[in-house]
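Q: Have a look at this one before I ask anything.
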Amino acid sequence: MRFEAAPPARPRRLAIVEGGESAGEAPDAFALAVRSGLRSRPKTLPCRYFYDDQGSRLFEQICDLPEYYLTRTEDAILGEHADAMVAGWLADPVMVELGSGSSSKTRRLIEAALRAYGALHYVPIDVSKTILEESAEGLVRAYPDLRVTGFAANYRDALAGVVERFDRPKLFVFLGSSLGNYEADEAVDLLSLLASSMDPADRLLLGTDLDKDPAALEAAYDDARGVTARFNLNILERINRELGGRFDLGRFEHRARYRADLRRVEMHLVSREAQEVAIPGAGLTTRFDEGESIHTENSHKYTPEMLRSLADRSGFEEEAAWLDRRGLFRLQRWRLRSSRP
Ligand SMILES: C[S@@+](CC[C@H](N)C(=O)[O-])C[C@H]1O[C@@H](n2cnc3c(N)ncnc32)[C@H](O)[C@@H]1O
């Protein structure tokens, strides 16, 4: 995978590197994913396609909703413990964030690193180029001692580029319980890839949502104002915009359900009636029965034991962990396991 720097016209402390899906292959990759997801039974769509410009903006609104306790709880833990989370190196480590979005909560870590080391190179990775650029520009304006090199790419492609470019110690950061979008085996695959990109001096700071009362979980993914419903339906709008799809959004309903057997909240788009939808850009016409759903997202919920087991299966061990007072959310710092297979 080759990465090419976008043309400058930016502050010298800011660079955006493009590669992988977001550098040209995206329309094809999206069409192929839509075609294969809507031909499978049950129908599915990969949740990373939520995050076009509109989806990223809607996600920012979700973070401010009263029901979405995840963001403010994680932010409070970061506010209290950021100094300890970034400690441990003689000189500033490169801070690499997976799925950085607006980087709002990450400011806590950036400020703690600037306090501890006086300077920092921050490397956010996100498939959504617009939000990556906007947040990177805001950060270099806010912090004169910060350099930012953003990767507009998916995790896997960007990690290869990061390892190639930076050989200093790194603090990898993966917040927002984004890991929860992966089933256990996929999570182990991604974490193992991360482990294989790391050296013994590197650390991973991982933010994860804990299992809890199903009513609180369902409300977090089905808010009273309907913002999460718009976020979920936006994936159909994106198909309409980018692939000439003919989805009528009024004929689909947002649904979020907690599955205790799988310890996860599932989001679905349920067809209100029997219907046929043409998607010329994906070379597909797809039929729906009344009540048939498209499964769009999983958000797995964890116990501390499950997290330690995930660490072990991926080649890590827990170094430290922090929780909020109500035990809703957990951040943990992992290092490479000393006896790796
Ligand atoms: C749930 S949001 C979390 C944003 C932020 N980290 C937070 O905690 O609020 C997930 C972010 O990861 C990005 N993302 C999702 N899947 C990705 C992938 N496979 N590769 C790179 N970025 C991805 C999305 O664009 C989005 O900004």
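A short reminder: the numbers here are calculations on the coordinates, not readings from a lab. If you're wondering where the values come from, they're calculated on a predicted model, not measured in any experiment. As a convention, Cβ positions derive from the backbone with ideal geometry for all residues, glycine included, and neighbour counts pool all protein chains shown.
Q: With just the Cα atoms of the chain, tell me how far they stretch along each of the three principal axes, in Å, largest first.
A: Rounded to whole Å, the extents work out to 63, 47, 41 Å.
Q: Can I ask one more? Starting from the amide H of Asn154, placed 1.01 Å from N in the peptide plane, find each other amide H under 5 Å away whose residue is 5 or more places distant or on another chain.
A: Placed amide hydrogens put Glu21, Ser22 under 5 Å from Asn154.
Q: Here's a follow-up. Checking the cross-link filter: which lysines have an alpha carbon closer than 16 Å to that of Lys170, excluding same-chain neighbours under 8 positions apart?
A: none
Q: Same structure again: Relative contact order for the stretch 151-299: what percent, with Cα pairs under 8 Å and sequence separation of 6 or more?
A: 19
Q: Over the chain, calculate the relative contact order: mean separation of alpha carbon pairs under 8 Å at least 6 apart, over the residue count, as a percent.
A: Working: 662 pairs, mean separation 68.7, N = 341.
Reported relative contact order: 20 percent.
Q: On to the next question. With +1 assigned to the C-beta of every Lys and Arg and -1 to the C-beta of every Asp and Glu, and no other charges, what is the dipole magnitude of the chain about the Cα centre in debye, to the nearest 20?
A: Values: 47 positive and 55 negative charges, 71 e Å.
It works out to roughly 340 debye.
Q: Please check: in the Gaussian network model of the chain (C-alpha springs, under 10 Å), which one of Gly161, Gly99, Gly88 has the largest mean-square fluctuation.
A: Highest fluctuation among the options: Gly88.
Q: Right, next: Hey, what did the stretch 84-150 get for relative contact order, percent, Cα under 8 Å, at least 6 apart?
A: 35
Q: Work from the charge dipole of the stretch 197-341 (Cβ charges, +1 for Lys and Arg, -1 for Asp and Glu, about the Cα centre) and give the residue of Ser309, His268, Trp334 farthest towards its positive end.
A: With unit charges placed on the Cβ atoms, the residue in question is Trp334.
Q: While we're looking at this one, here's another question. Once the Cα gyration tensor of the stretch 19-130 is found, what semi-axes does its equivalent ellipsoid get, as square roots of 5 times the eigenvalues, in whole Å, sorted largest first?
A: On the way: eigenvalues 221, 69, 25 Å².
Three semi-axes, in Å: 33, 19, 11.
Q: Please report the spacing between the Cα centers of the stretch 164-179 and the stretch 232-254 in Å, no decimals.
A: When both Cα centres are located, 33 Å separates them.
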